[in-house]
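Contents: one structure, followed by commentary.
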Amino acid sequence: MNEEYREGLKGTTTVGLVLRDAVVLASEMRATMGSLIASKKAKKIYQIADKIGMTTAGGVGDAQQIARLMTVECSLYQIRRGRPISIGAVSTLLSNVLNQNRYYPYYVQLLVGGVDEGGPKLYAVDALGGASREEELVATGSGSPMAYGVLEDRYTTDLSEDEAVTLAVRAIRSAMKRDAGSGEGIHVVVITKGAYSELPESEIAGLTTASPA
């Protein structure tokens, strides 16, 4: 098999924004295998607990395995403790799992965000288990340099949910224009104290059409 097709499915842009009372997560939906577009509907944002989402960049198989593992661990915590797991605890657990596998690493770069008793929180976790809390914004994946250009120019601490969603979509669109590993559709999730909400494609399409480049 050609070497480029042994690389695995990869190439991504994901974005996370922290608001006063919510977290916005966004990603595009292209999965690549070398120069081949292997999927145009790749899922890159997973709900791992009632009010916690995780974005994935890197190998699709590794990302899916991690998502399954963290979903189970969050459910077990709820059953054993009788209360939801905190976002900080999720990021610590995820960090430990990745660090313990550093010699046979999961090929992933992750964001964990949501709302718990302490309010909205967002963590970035790398493949070796390094975890850092992000107070405002973060982007991961091959298209992150382009996304950061938009995010850091437009982000303010008092963005509304609608404004944050529009900004996240613009950042993803910017990456899709210049990064070959990012493309196709856009997936957006808004997490508040009351709900984990996936925006319908029709609403995102309207933002894509209305938002200037």
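The values are calculated or read from the model by the stated rules, or taken from the named source; none is laboratory data. Everything numeric in this text was worked out from a predicted model, so none of it was measured. As a convention, Cβ positions derive from the backbone with ideal geometry for all residues, glycine included, and neighbour counts pool all protein chains shown.
To keep it simple, each residue is scored yes or no on (1) of a type outside the set (D, E, K, R); (2) closer than 20 Å to Q64 by Cα; (3) under 15 Å from the mean Cα position of the chain (by Cα).
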position: L94; (1), (2), (3): yes, yes, yes
position: Q100; (1), (2), (3): yes, yes, no
position: K121; (1), (2), (3): no, no, yes
position: A124; (1), (2), (3): yes, yes, yes
position: G130; (1), (2), (3): yes, yes, no
position: A147; (1), (2), (3): yes, no, yes
position: R154; (1), (2), (3): no, no, no
position: A175; (1), (2), (3): yes, no, yes
position: I186; (1), (2), (3): yes, yes, yes
- Message: Quick check on my filter: what residues within region 96-148 are touching a strand residue (DSSP E or B) at 6+ places or on another chain (Cβ under 7 Å), aromatic (F, W, Y), touching a residue at least 24 places away in the same chain (Cβ under 8 Å) and over 16 Å from V189 (Cβ atoms)?
- Response: Y107
- Listed by first then second residue, the pairs whose first member lies in region 185-200 and is among the basic types (K, R), whose partner is modelled with pLDDT under 95 and assigned to a strand (DSSP E or B), with beta carbons under 6 Å and at least 6 positions apart or on separate chains, are none
- Query: If we scan region 18-30, do we find a residue that is more than 22 Å from A147 (Cβ to Cβ), over 17 Å from the mean Cα position of the chain (by Cα) and at pLDDT below 90?
  - Reply: no
- Note on the structure: Taking region 33-68 and keeping residues over 18 Å from S86 (Cα atoms) and hydrophobic (A, V, I, L, M, F, W, C) leaves M33, L36, I37, A38, A42, I45, A57, V60, A63
- Query: If you go through region 148-165 one residue at a time, do you hit one that is out of contact with any His (no Cβ under 9 Å at 6 or more places or on another chain) and under 15 Å from A57 (Cβ atoms)?
  - Reply: yes
- Query: Residues in region 137-149: is at least one hydrophobic (A, V, I, L, M, F, W, C) and more than 15 Å from T14 (Cβ to Cβ)?
  - Reply: no
- Does I45 satisfy being of a type outside the set (S, T, N, Q), touching a residue at least 12 places away in the same chain (Cβ under 8 Å) and in contact with an Asp or Glu (Cβ under 6 Å, 6 or more places away or on another chain)? no
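To keep it simple, each residue is scored yes or no on (1) aliphatic (A, V, I, L, M); (2) part of a loop (DSSP other than H, G, I, E, B).
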| site | (1), (2) |
| --- | --- |
| M146 | yes, no |
| G149 | no, no |
| D153 | no, no |
| L159 | yes, yes |
| A168 | yes, no |
| S174 | no, no |
| A180 | yes, yes |
| I191 | yes, no |
| G194 | no, yes |
- Please state which of the following conditions I79 fails to meet, knowing it meets all the rest: (1) without any contact (Cβ under 8 Å) to a residue 24 or more places away in the chain; (2) under 30 Å from A180 (Cα atoms); (3) among the β-branched types (V, I, T). (2)
- Message: Just checking: which of the strands (runs of 3 or more DSSP E) contained wholly in region 27-101 hold 1 or more residues that are surrounded by 17 or more Cβ atoms within 10 Å (Cβ to Cβ) and on the phi > 0 side of the Ramachandran plot?
- Response: 52-58
- Answer yes or no: is there a residue in region 135-143 that is buried (at least 20 other Cβ atoms within 10 Å of the Cβ) and touching a Lys or Arg at 6+ places or on another chain (Cβ under 8 Å). yes
- Any hit, region 166-184, residues being among the hydroxyl-bearing types (S, T, Y), at pLDDT 90 or above and farther than 16 Å from A26 by Cβ: no
- Query: Which of the residues belonging to region 56-78 are under 14 Å from the mean Cα position of the chain (by Cα), more than 16 Å from S95 (Cβ to Cβ) and not aliphatic (A, V, I, L, M)?
  - Reply: G59, Q64
